[in-house]
Each structure stands twice: as C-alpha cells, then as structure tokens.
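Shown next, in structure tokens, is the structure this report addresses.
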Amino acid sequence: MSRRQSPVVRRSRLVPALLALAIVAVGFFTLLERLEVTREGYRISAVRAEIARLENQNRSLRLKVAELSSRERLRALAPKYDLAPPRDGQVVMMP
Amino acid sequence: MNALFKSRRSRIGVLAFALAGLFVLALLRLTALVIFDGPRLDSLARSEHTGEAELAAVRGPIVDRFGEPLALSAETRSVYARPARLFASSTASERVKLAALLGMTPARLEALLMKPAPFVWLRRRIAPERAREVEALGLDGVGALSEYKRFYPESDLAAAVVGLAGMDGQGLSGVELQYDRYIRGEPVELTFYHDAYGHPIFDSPLALKSPEPGDRVQLTIDARIQSLAENRLAEEVAASGAKHGTAVVLNPFTGEVLALANVSAHPDPVRDRLHDSAIQDVFEPGSTMKAMLASVALEDHAITPTEMFYCENGAFRVDGRTIHDDSPHGYLDLGRILEVSSNIGASKIAFKLGAERFYRGLRTFGLGRRTGIDLPGEATGILRKPSTWRQIDLANHAFGQGVAVTPMQLAVAYSAIANGGLVVRPYVVESIRDAQGRAVLTHTPQVIDRAIAPAVAHQVNVLLRNVVYGPDGTARRAQVDGFLVAGKTGTAQMVNPVSGRYYQNHFVASFVGFLPANDPRLVILVVLYDVGHGHFGGVVAAPVFSQIALGSARALDIASDAPPAYDTASLLSIDRLLGLSRKSGAQLSDSLPGTESVADRSGASGTATPDFVGLSLREAFATARRARLNLSVTGDGYVVRQAPAPGSPLARLPVKLQLASVDDSPSGASARALARGARPNLSRRAP
C-alpha cells in the first residue's frame, strides 16, 4: 500500500526545482549574451576591415588625382591641345 | 545479500555511489591537469586560438605650401608563394599564367620557386588590381599581403628637398629622413583571438587598437615657383653646357624657402633625391662676396661710400702675385667698385678693413657655419681663421676666392642685406599635422644674428642696384620688367681637387639678388657649375634670375614698382587679336609694345657680332661682356679667327674664338700683325 506524501514534503521539492530552473535560466542567458558579444565582435571586425579598405581606396584615389594633375603630365599633354606657356607680352598685368 | 540487491533503493544507492566515484575521479584528474600541466596546456591552447600581427602604419604625406602632394603612400599588394604547396597543387601551364601576370618570365618564376625556403616573395608592392588577378587564379600556395608603397606624383619636383623613403618605409634623405619620426606613424603589434578560419574575434580591448597613420608635413616650398626654377635652370644648364645648376628662392624676412632647385646635366632619379647641392656642395662665391665685404667695411666704419680707391689701372701686385681687373680703372668709389666688379678695389677695401674684422664680419653673415636649415647633411663651408691669412689671401677673400660657401649660405647672407641686416634661419617645413588635423609642429621665423645695421643694409641695397642698372653694370641681364632689382654677379674659377690648383677653363657662374629692391620680398640665387670660358655670371646666371624672379612675382601677386609697359595693349583691335592663331604666339608677342626680340636683347651697339680678331683673351672677355655674349674659346694667345664673322647678325649661340700664341713662326708673325694690345696678362679669375 503506497504512502500518501504529506503537503510538507511536496513543498520542500518545489524550492529545489525552482532553484534549478533559475540556475539553468541564468546559465542560458549568460551563454546567449556571450554568443551575442561574439557575433557583434565579428560585425565590428568586418566594419573595421571595410573602413580600412575604404581608407586605402581613398588614398589610392588621391594618388591617382595627384598623378593625373602633375605638372610633368600636363606639360606633356599641352601641345596636344595647342596650349603653351605664355610668352613675353602675352600676359598683361593690369593694375 | 539477495534481499539487499533486490531492494530498489540499494541499486540506486550503488549507482549513485559509482557515479559519485567517477565524478571524484574526474575532479581529481582535472585538478592534476590544472596544477601540473596547466601552464603547458594553456600555452598550447593560446597558440591554437590566438594570432599575432603587426599592423603597419601608413606613411604621412608631404605637401607643398598649398597642399599639393609631393609624396604620398598608398596600399599595394605583395605576392608570395609557398613553393612546396604550389608545386603540389598547380600545373606548369598555370604557373606560366602566374608568371605572365607577375610580369616575369616562366624561367624566373621557376627559379624563385626552386629556392630552399618555405616562403618566397614573388613580386612586392604591385597594384591591387594586378594582385586580385593573381588571386583569381585560385592557386593553392599563392597569396598576397598588403604593404604600403611611397609614391612621388610630381616626379622629380623638389626631389632633393622631399628626399627618398626606402622599401621598408624608412626615410633615407631630405624631409623624409629629417622628419621620419613624424612621417612614419606608429605601427601596432596586435595579439588577438581567432576562430578556426582565422577570423579575429572581438574579445579583447587590444583588438580595438589601430596603427597611427603618419603625420602630414606641409612644406614652405611653392610648387609653382619650384617648377619654374627647375625648368629655367634646366634650360640654361643645357644651353651653357654646365654640369649642374642650383637655384634658391627665399623670403628674406622669414627664411621660408619657396624653391630649392637642383638640376643636373645628367639627371638620375635616385641620386637627385639623395644629394642636395644647395646645402651640401660648396663653391667659391667669386665677386658675390664683394657685397658682404662692402657691408662689413661700412658697418665697421672702415670706409665711407664716397671714399675713392685707386684701382691701379687693372694690375696690382700683392705678395708676388698680380691681381687683375677686367678693365683698367683709376679711382673708383664703393658704388663703382661694385658696379664694375673691381677686384683691385675690393682688395684695397679689405686691406683697410683688416683680416680680423673682415673674418668676424663674414662669420656674423653666417659664413663658415651651418645655416641650421631643417634638412640633413648640411655643409659648413670653408672659411679659414684670419691668423692663417697672408696679404694675398686677404685680397683673394675680398673677391670671393680662397673661401667656399654653400648656395644656401650665400642666399641667407644676401637676405640679411635685403631685410635690414638680420641673419635668419632658413626652413623648408612650415607645419606638421596629425591625421586629425591637430598641429604637431609649427615653424616660425627665427633670427640667428644681426650682421649689419639697417642703415648699412640700405646703403648696400642701393649700391647693388648699380650692378643691375649702372652703365657698366655686370648684371644688366638680371633686370626684371616692372621691378627694381639689386644683386651681384660672380664668376669664379673652379679648383682641381687633384692638384689643388685652379682650372683655367672651368668656372662657377652665379648671380644673387633680391626684388623689389625698395621693398624686398624675394631673394633669388642662381649658380651654374662648371661652365666654360666666357660664361660669366652676368651672362648665364643673371637671365635665369630674371626669369625666375618675374614668374615668382606673378605667382605671389607682388605688385610691380612701375606701371606696366603694355598700357597700349587695350588699343589693339579685336580683329587683329582674333586674326592671330594660338600657334602664331610669336607674332602676337612681337606686335605688343614693350616686348623684345632676341636681337634687341643682345646689348650690342647694333645687332652685329663684334670683331674679336687680334684681341687678347682678356680683351675678348671684356668685349663679350659688354655685348652680353657667350664665348667658346680654344687655344692661347690672341684671337686669330672667330665664328660667326665680325659684323654678322647676332645669334644666341656662343661666339667661337680660336687663339694662337705670338712667336717667330710665320703663323706667329701674322698673329703679331693682327695683335693690337699689350702682352697677355691673364687674371686668375674673371668677375
């Protein structure tokens, strides 16, 4: 014949169960946060790489502009467009 | 016992006991691992999931005073290979394709891959697009890393000032070296966690560190004036046959270097970046020294401007040597001594001043010590102590022989005359700013010494105008339309470094001056090294000064002293202007008032070549100077033949003179018949 459990015994099992659940929940959310931090870390790394790539591209473009507008290049191109430095008397300095 | 095992409670108890036992064993094992093997295992784990890298810093740019870039760094890619893996995973045809993309022969590639090394560079610092094509081949064992490369977009403009950065990003010369600690930036040594694919994991504040880019260096150099100076200098180096030339443009009050040009007859892109003649080479200044002599003598009250000096009719004996003037003169005052550049007059002034006072005066002008310019490798020049001077040395120093200066020292000395007597420190870097634009370093003008009083500086300023505008001035070709110019020419024999004697046919021609003389804004020095006979400072250097000065004045919007000579330009009809094409620019300039043709600039009484036949070499020089002509001389003695012939139209090319000695031979007799003047009496140098 089974023995009926007293109400006192039932209440004492509820507390450990709730405690265990709480521990599991905290552990779960801690793990979740950790994963989120790692995911954000990947995103930050990717953004930083993109920033570096764009900065390098910017530098390359500035270099390209400087090379295309260099005096030596323009001087070499000038005759092609019938351009030449002004000769004496071609530039009049107005007061 | 049966009762015990049959009991359910007992079985659970045994199981629990067994599990507990296993748990305790595991705990003991873990404890043992942590205590005894912990450090080793920790190190193994770190090597598995941490990586180290050095993030290179990009080198900061160097720009001119208006921000035009003269040196820039940009990312490039360097291709490497792991030979064993490449050989294992690729075919010969794939490697041929790889070689083609890298711009090398297949044999060269194979040779590189045969090296007994796990890692070899195939090609460093190539364009990123080319590296992407290489990576697109998908060859295992081939990869590319990012590296920065230094570029000079304006090619050789201001090469000696900017300098050179090496393959590993270190400064080797010029500003690149002098300010390397600012320009190179701060690389970062990084330790980070990474996953199985090598991707960094943000798990540490260290991952946030970025390399600090190099600072931006802004020069005082004006690229427009620099380009103008280099071009004009290059033209004259080619025309005169000089080995190389130097030009310096300075603000006399602040010491800012607006241009520092070095042009060689045989340019070399690397050598020209490593060597700066303007501050590293010395030369005997010749008659340009006379302005400093006059300044020191007036400052010391050794002479007055109106005091007369007897110039011995062109020949003066000192210590058994003869000092010559280009033309014989009697009594000259200080102004005329400078105007005609009398060596004898200068010597007598030096004798009156005395060696000690002259030496002290030259030292306050900065001779014999560095100017302090912010560039590496500056020479001090040569100025011996006065205790070692004989009388002939004192005389020689008076007209710039036996003493050596750098072009920059001479320019700074003349800046003192131009600015009222102050010796300023020249500088090429105006400011340095970090990547955020904050000023890291700013140069301000700095006075080193007072050489002469303002009143004396003004006196010498006025006297130097005679050199340019006087009827016998040696620098008439230094005149600049619309501006008052003051300055001095110099023509000095070069020293043979082997024998220690002076060459007879190798000269250094120079002109240094400032404008506007009544309100100096620019000091400009032009030096041409190793020119031949007849290439006086007033003939080859002064015109270059004039061209640089005019262009610089326009670039800097310096108001002219006089109204322009083109005030009738507006009266030209539109039809006449429109009827002239751009290709007929010569016609346009000829039609405008105030312009000069080549023939007009000759300075001869007409446009005809003078008659040199029968003249001694000295007389020929004097005639050439008056006519503002270059000479090309062969032989010794008297002129027996010339080309072009006397009376023919003047050309820009040098006049060729053939000389022969006077002797008893039949050819000598005809030379004697042609000879006109006194015995040849060559001076050691021409003014």
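Report the full-extension gain for the segment B:Ala92 to B:Arg317: residue separation times 0.36 nm, less the Cα-Cα distance, to one decimal in nm.
72.5 nm
What nm distance separates the two modelled labels at B:Asp168 and B:Lys656, each placed 7 Å from Cα along Cα→Cβ?
5.5 nm
Take B:Tyr331 and B:Ala32, extend 7 Å from each Cα along the Cα→Cβ direction, and tell me the distance between the two endpoints in nm.
The two pseudo-label positions are separated by 12.0 nm.
Mind sorting B:Phe23, B:Phe365, B:Phe351 by how few other Cβ atoms lie within 10 Å of their own Cβ, fewest first?
Sorted ascending by nearby Cβ count, the order is B:Phe23, B:Phe351, B:Phe365.
What list do you get for B:Leu556, B:Leu484, B:Leu30 if you sort them by fewest beta carbons within 10 Å?
B:Leu30, B:Leu556, B:Leu484
At 0.36 nm per residue, minus the direct Cα-Cα distance, what do B:Ala100 and B:Ser648 gain on full extension? Give it in nm, one decimal, please.
So the extension gain works out to 191.1 nm.
For the stretch B:54-219, what does the alpha-carbon gyration tensor say about shape, rounded, prolate or oblate, given a ≥ b ≥ c as the root eigenvalues, a/c under 1.5 as rounded, and a/b over b/c as prolate?
Taking the square roots of the gyration eigenvalues as a ≥ b ≥ c, the stretch B:54-219 is oblate.
Order these peptides, B:326-333, B:620-627, by their mean beta-carbon neighbour count within 10 angstrom, highest first.
B:620-627, B:326-333
Quick one: if the Förster radius is 51 Å, what FRET efficiency do A:Leu83 and A:Val37 give, using the C-beta to C-beta distance and rounding to 0.05?
0.25
Using a 10 Å cut-off on Cβ to Cβ distances, tally the other chain neighbours for every residue of A:55-66 and report the average as a whole number.
The per-residue average across the peptide is 5.
How high is the FRET efficiency from A:Asn58 to B:Leu441, r the C-beta distance, R0 30 Å, rounded to 0.05?
Calculated value: 0.75.
Hey, can you rank B:59-65, B:454-460, B:632-638, B:217-223 by average C-beta count inside 10 Å, highest first?
Per-residue Cβ counts within 10 Å, averaged per peptide and sorted highest first, yield B:217-223, B:59-65, B:454-460, B:632-638.
Please label the shape of the stretch B:302-416 as rounded, prolate or oblate, based on the square roots a ≥ b ≥ c of the eigenvalues of the alpha-carbon gyration tensor (a/c under 1.5 means rounded; beyond that, a/b larger than b/c means prolate, else oblate).
Since a/c reaches 1.5 and a/b is larger than b/c, the shape of the stretch B:302-416 is classed as prolate.
Note down the nm distance, to one decimal, between modelled labels 7 Å out along Cα→Cβ at B:Arg8 and at A:Glu50.
Using points 7 Å along Cα→Cβ, the separation is 6.2 nm.
Looking at the square roots a ≥ b ≥ c of the eigenvalues of the Cα gyration tensor of the stretch B:129-176, which shape do they give, rounded for a/c under 1.5, prolate if a/b is larger than b/c, or oblate?
It is prolate, given that a/c is not under 1.5 and a/b is the larger ratio.
For A:Arg73 and B:Val24, what does the FRET efficiency come to when R0 = 56 Å and r is the distance between their Cβ atoms, rounded to the nearest 0.05?
0.10
Would you mind ranking A:Tyr81, B:Tyr179, A:Tyr42 so that the residue whose beta carbon has the fewest other beta carbons within 10 Å leads the list?
By the 10 Å Cβ count, ascending: A:Tyr81, A:Tyr42, B:Tyr179.
Excluding residues fewer than 8 places away in the same chain, name every one of the aspartates and glutamates whose C-alpha is closer than 15 Å to that of A:Lys80.
Counting by Cα, and skipping residues close in sequence, A:Lys80 has these aspartates and glutamates nearby: A:Glu72.
Of A:Lys64/B:Lys115; B:Lys290/B:Lys656; B:Lys243/B:Lys352; B:Lys352/B:Lys385; B:Lys243/B:Lys290, which pairs sit farther than 28 Å apart, going by alpha carbon to alpha carbon?
Long pairs (Cα-Cα over 28 Å): A:Lys64/B:Lys115; B:Lys290/B:Lys656; B:Lys243/B:Lys352.
Only the coordinates and a few stated rules stand behind these numbers; no lab work does. Nothing here was measured: the structure is a model prediction, and the numbers come from that model. Cβ sites come from the backbone with ideal geometry, for glycine too, and all protein chains shown count toward neighbours.
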